[in-house]
1. Identify all residues within the range 101-127 that are of a type in the set (A, V, I, L, M, F, W, C) and under 27 Å from the mean Cα position of the chain (by Cα); write none if there are none.
2. Show the residue pairs that are 6+ apart or on different chains and have beta-carbon atoms under 6 Å apart, the first residue being within the range 48-63 and within 23 Å of Val92 (Cα to Cα), the second being part of a helix (DSSP H, G or I) and β-branched (Val, Ile, Thr).
3. Does Ala148 satisfy the criteria of being touching a Phe, Trp or Tyr at 6+ places or on another chain (Cβ under 8 Å), over 24 Å from Glu78 (Cβ atoms) and crowded, with 18+ Cβ neighbours inside 10 Å?
4. Got a sec? Which of Gln250, Gln289 is modelled with pLDDT under 95 and surrounded by 15 or more Cβ atoms within 10 Å (Cβ to Cβ)?
5. Residue check: is Val279 modelled with pLDDT of 95 or more and within 18 Å of Phe302 (Cβ to Cβ)?
6. Can you work out which of the residues in the range 349-392 that are charged (D, E, K, R), surrounded by fewer than 18 Cβ atoms within 10 Å (Cβ to Cβ) and not in a strand (DSSP E or B) is modelled with the lowest pLDDT?
7. With Thr173, Thr191 as the choices, which residue is under 22 Å from Phe411 (Cβ atoms), surrounded by fewer than 18 Cβ atoms within 10 Å (Cβ to Cβ) and hydroxyl-bearing (Ser, Thr, Tyr)?
8. Select from the range 253-274 the residues that are farther than 20 Å from Gln107 by Cβ and crowded, with 18+ Cβ neighbours inside 10 Å and list them in ascending order.
Amino acid sequence: MKHTSLLLAALMGLLVGQPAKAQGPDWDAQIRQRVAAHQLREALQIVENRLAQAPEDLEAAGWRARLLAWTGRWQKAEAQYRHLLVLVPRDVDVLVGLASLLTWKHQYEESLSLLENATQIDPNRSDLYLSKGQALRGLGRTEQARVAFKQALVLQPSNADARAGLASLDDETRYVLHFNTDIDTFNYIRTAEAFTARLSIRMSPRWSTDISGISQQLFGQTAGRFLGSATYRLTAHDSLTLGGAVANHQAVVPKSESFFEYGRGLSFGESAPVRGVEVTYHQHWFWYQNARVLVLTPGIVFYFSRDWTFSFEGTAARSHLSGLGAEWQPSGSIHLNFPLYRSLSGNFLFGVGTENFAMVDQIGRFSARTFGGGLKYSLSSRQELTNYVFKQNRSQGQTQTSFGFSYAIHF
């Protein structure tokens, strides 16, 4: 999202900064004014009106393609760009516009092919090398991206977006190491503790892995779990995760686990009230010493401006206890994340029903309400601290209070 926003800002600044043609029509000036004011939907309406009057106006068609892309209507924007490319195959603005859109969609190879064609037509445009650097960065070809950004600066030393592109290469990291400490207190059993070390690795723009080791003390026993997963980005909007776990269970955590998750994201543009939506489906199997649990969890996340997010998850869990048969239990939760001050953000959680089937005390029939929240503080661009606290009130007068801390470093 960070790189897409930078690219969008760069393209808007470039186009708005270009002077209108002499004797240019009023509609062109109106569009530039609307874009400068970030009134993209109003600008698009002006373009649609112009095309209704003059369907063959290629300049208006070009504006339509850009505005459709900027407002998140990528499929229509791509169709418009490809139609224009048939009519004017050597138009550098059209080539760059389509290439930028394909970069947003993570179709980096085709984007680079278009940019190579554009460079042969006009090799002295700084924006071509800027776009090329962004596509190469998406492919993980860091050194080639660095060369492209530097060439953009040679042609235009004041190009702030090229400088930002170079800086982003220095900021990019492949690894994230997390350390977590979690403590659960109960009014009916002894305190439980867990320590987690997790390593996340971005192997390529499409592949990433996650490896965790967890030591848990529960019911007077010490159990160990090892989890691993791999995520593959199917398209710019879709990803699939597969994973599993094994444990020295001590009859208090699952002996083994397996899971998968599919996620699909949709973008509505930076100016929309809801900037994006992500829909997920998670399916998780737990095998205990004397029980089997299947958990089905669909969810949805809404992304708003200023880093606000709201998410909802609903869960259906099928527990099969030895000698007692199987039973389904529902649960659900909502999460709200919001900025507080500079590097500090907060979150709030409310849930009903069973939350964590990785602990044996979460199996079976009971009702519960969970509420809590936490804070996240970015120490720097590569380090962050988080903490949380929540309380769960269960049936039969049982309560659980949990809190935890984590530290993450990117490198």
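1. Here is the first cut: in the range 101-127, the residues of a type in the set (A, V, I, L, M, F, W, C) are 101-102, 104, 112, 114-115, 118, 121.
Of everything in the range 101-127, those that are of a type in the set (A, V, I, L, M, F, W, C) and under 27 Å from the mean Cα position of the chain (by Cα) turn out to be Leu101, Leu102, Trp104, Leu112, Leu114, Leu115.
2. Ala60/Val47; Trp63/Ile31; Trp63/Val47
3. Numbers: touching a Phe, Trp or Tyr at 6+ places or on another chain (Cβ under 8 Å): yes; over 24 Å from Glu78 (Cβ atoms): no; crowded, with 18+ Cβ neighbours inside 10 Å: yes.
No.
4. Selected residue: Gln250, the only one of Gln250, Gln289 that is modelled with pLDDT under 95 and surrounded by 15 or more Cβ atoms within 10 Å (Cβ to Cβ).
5. Against the criterion (modelled with pLDDT of 95 or more and within 18 Å of Phe302 (Cβ to Cβ)), Val279 qualifies.
6. Per the criteria, the residue is Arg365.
7. Checking each option against the conditions leaves just Thr173.
8. Within the range 253-274, Val253, Pro254, Glu257, Phe259, Glu261, Glu270 qualify.
The values are calculated or read from the model by the stated rules, or taken from the named source; none is laboratory data. If you're wondering where the values come from, they're calculated on a predicted model, not measured in any experiment. Because the Cβ atoms are built from the backbone with ideal geometry, glycine has one as well, and the counts that use them run over all protein chains shown.
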